[in-house]
Amino acid sequence: MSKVLIIGAGGVGRVVTQKCASLPEVFSEIMLASRTVSKCEVIAKEVGNGRVQTAQVDADNVPELVALIKSFEPQLVINVALPYQDLTIMDACLETGVHYLDTANYEPKDEAKFEYSWQWAYQDRFKEKGITAVLGCGFDPGVTSIFTARAAKHHFDEIHYLDIVDCNGGDHGKAFATNFNPEINIREITQKGRYWENGQWIETEPHEIRKELTYPNIGSRSSYLIYHEELESLVKNFPTIKRARFWMTFGDEYLTHLRVIQNIGMARIDPVIYKGVEIVPLQFLKEVLPDPGDLGENYVGETSIGCRIQGIKDGKEKTYYIWNNCSHQTAYDETGAQGVSYTTGVPAMIGAKMVLSGEWQGAGVFNVEEFNPDPFLEDLGKYGLPWHESHDIDLEL
Ligand code: NDP
């Protein structure tokens, strides 16, 4: 029986809150806090029965966070606000001695830079305080990292090649929309590609490397090599990996829109003066793009995300594929949120359950692949994201 504080009332916050509320034996009391309290209230009302308390908080402000944590006294904070708030929320958890969990690594607002260094730097302080920080417990990072941990624990003596494959085979009927926060999403996919090979990072131009990959129940899709944050921790935690890459599917229409957005300067993250007011073009663009939280109603099709792995078991080469498919419509019918929010929110709830039940424990800062994958994966199917595996197949890579 534990109290949990959820910060961030976007698409992911909605799913985490609903999923935590459905497990009163684990999450006895829930508070949802965010910058705009009315969004928390809508979600609390959907859950009903007074299960969810709400609060306004500016998560950039450590004293405000500390005051909220002290008044509610949670055992754990689930951070599903934006990556910009990771460090302030970690600071507040340190000051109050409360466990921490997030789904995306810290990014400075003025630089699209994805790396764990800032959060790993909290290791000693979390250790000394005797509390746990769980980093990257969404789907990717999150489930993909735990899939890799399962492969390493049960199916390989050495993992040599890891390819994380992320396909959104869904259609929301809009000319252009992002599936999670547009600002964060566009920063992520317009940066240079990067992959790990033979002990070093190799950089590519954005979307320079493409492959046609076949996804279960979806078919063949153009998949582009991009950098994704879990690669950094996975090559560190599984040092036998010779090559690690991340592939994401994009349609031609989507890439054309993206190119135009970049070419006309709307992806810029540095401020410009407009009629005497400072605005950041990408933040302005976010205001006019569809809200990812509203895409669910007419969203059809599925996501398919997994890991394709090659390596050695008992002296023999083997291949292995582990994946989940998630239907946008099923996710929407259950939670009012589309598949991308769902596939992030469910793992965040399960990660919180792992910490609170003691399945995952330890003082310090951990990426999810450092914990036992088995109890997490037992829960994953149970709470809405069933997974599948195939051995010794053609990985197309
Ligand atoms: P949204 O933009 O829909 O929601 C973010 C929420 O955080 C909003 O409610 C927003 O408030 C709130 N927020 C922003 N700044 C602050 C602040 N300073 N103080 C308090 N609240 C704040 O994003 P999503 O729900 O789509 O994504 C949430 C997180 O999940 C992001 O970090 C994203 O990167 C991550 N993610 C991870 C994935 C994974 O697989 N690992 C996949 C998808 C997302 P307001 O409503 O006022 O704007």
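The values are calculated or read from the model by the stated rules, or taken from the named source; none is laboratory data. None of the values given here were measured: they were computed from a predicted structure. With ideal geometry, Cβ positions are generated from the backbone for all residues, glycine too; neighbour counts draw on all protein chains shown. Heads up: the accessible areas ignore ligands, DNA and RNA and are worked out on the full protein's heavy atoms, side chains in. Shrake-Rupley method; radii C 1.70, N 1.55, O 1.52, S 1.80 Å.
Some notes on this structure:
- So residue 161, is it in a strand (DSSP E or B), in contact with a His (Cβ under 7 Å, 6 or more places away or on another chain) and open to solvent by 10 Å² or more (accessible area, probe 1.4 Å): no
- Residues satisfying the stated conditions in segment 164-208, i.e. open to solvent by 30 Å² or more (accessible area, probe 1.4 Å) and charged (D, E, K, R): 171, 174, 192, 194, 197, 203, 205, 208
- For segment 274-326, the set of residues classified as of a type in the set (Gly, Ala, Ser) and at pLDDT below 95 consists of 293, 296, listed by residue number.
- Selected residue (criterion: most open to solvent (accessible area, probe 1.4 Å)) from residues of segment 1-30 that are of a type in the set (A, V, I, L, M) and closer than 19 Å to residue 65 by Cβ: 12
- Note on segment 325-365: residues that are touching a Ser or Thr at 6+ places or on another chain (Cβ under 7 Å), under 27 Å from residue 106 (Cα atoms), within 16 Å of the ligand (Cβ to nearest atom) and outside any helix (DSSP H, G or I) amount to 1.
- Subset of segment 7-42 that is part of a strand (DSSP E or B) and within 10 Å of the ligand (Cβ to nearest atom) - its residue that is nearest to residue 138 (Cα to Cα): 7
- Segment 181-207: number of residues that are without any contact (Cβ under 8 Å) to a residue 40 or more places away in the chain, touching a strand residue (DSSP E or B) at 6+ places or on another chain (Cβ under 6 Å) and among the acidic types (Asp, Glu): 1
- Among residues of segment 340-397, those that are open to solvent by 30 Å² or more (accessible area, probe 1.4 Å) and among the aromatic types (Phe, Trp, Tyr), counted: 3
- In the set 250, 238, only one residue is aromatic (Phe, Trp, Tyr), within 17 Å of residue 201 (Cα to Cα) and in contact (Cβ under 8 Å) with a residue 24 or more places away in the chain; that residue is 238.
- Test for residue 231: is it at pLDDT 95 or above, out of contact with any Asp or Glu (no Cβ under 8 Å at 6 or more places or on another chain) and open to solvent by less than 30 Å² (accessible area, probe 1.4 Å): yes
- Any hit, segment 284-297, residues being in contact with a Phe, Trp or Tyr (Cβ under 9 Å, 6 or more places away or on another chain), among the aliphatic types (A, V, I, L, M) and away from the ligand (no atom under 16 Å from the Cβ): no
- Segment 264-321, residues that are part of a strand (DSSP E or B), farther than 30 Å from residue 387 by Cα and not aromatic (Phe, Trp, Tyr): 272, 273, 277, 278, 279
- The single condition among (1) closer than 21 Å to residue 336 by Cα; (2) within 16 Å of the ligand (Cβ to nearest atom) that residue 51 does not satisfy is (2).
- If you go through segment 277-291 and keep only what is farther than 21 Å from residue 10 by Cα and either open to solvent by 70 Å² or more (accessible area, probe 1.4 Å) or touching a helix residue (DSSP H, G or I) at 6+ places or on another chain (Cβ under 8 Å) (or both), you end up with 277, 278.
- Pairing each residue of segment 88-108 that is without any contact (Cβ under 8 Å) to a residue 24 or more places away in the chain with any residue that is within 9 Å of the ligand (Cβ to nearest atom), provided the two are 6+ apart or on different chains, yields C-beta distances under 8 Å for 106/83; 106/84; 106/86.
- The helices (runs of 4 or more DSSP H) found wholly in segment 59-147 and carrying at least 3 residues that are surrounded by 23 or more Cβ atoms within 10 Å (Cβ to Cβ) and either more than 10 Å from the ligand (Cβ to nearest atom) or modelled with pLDDT under 95 (or both) occupy 86-96.
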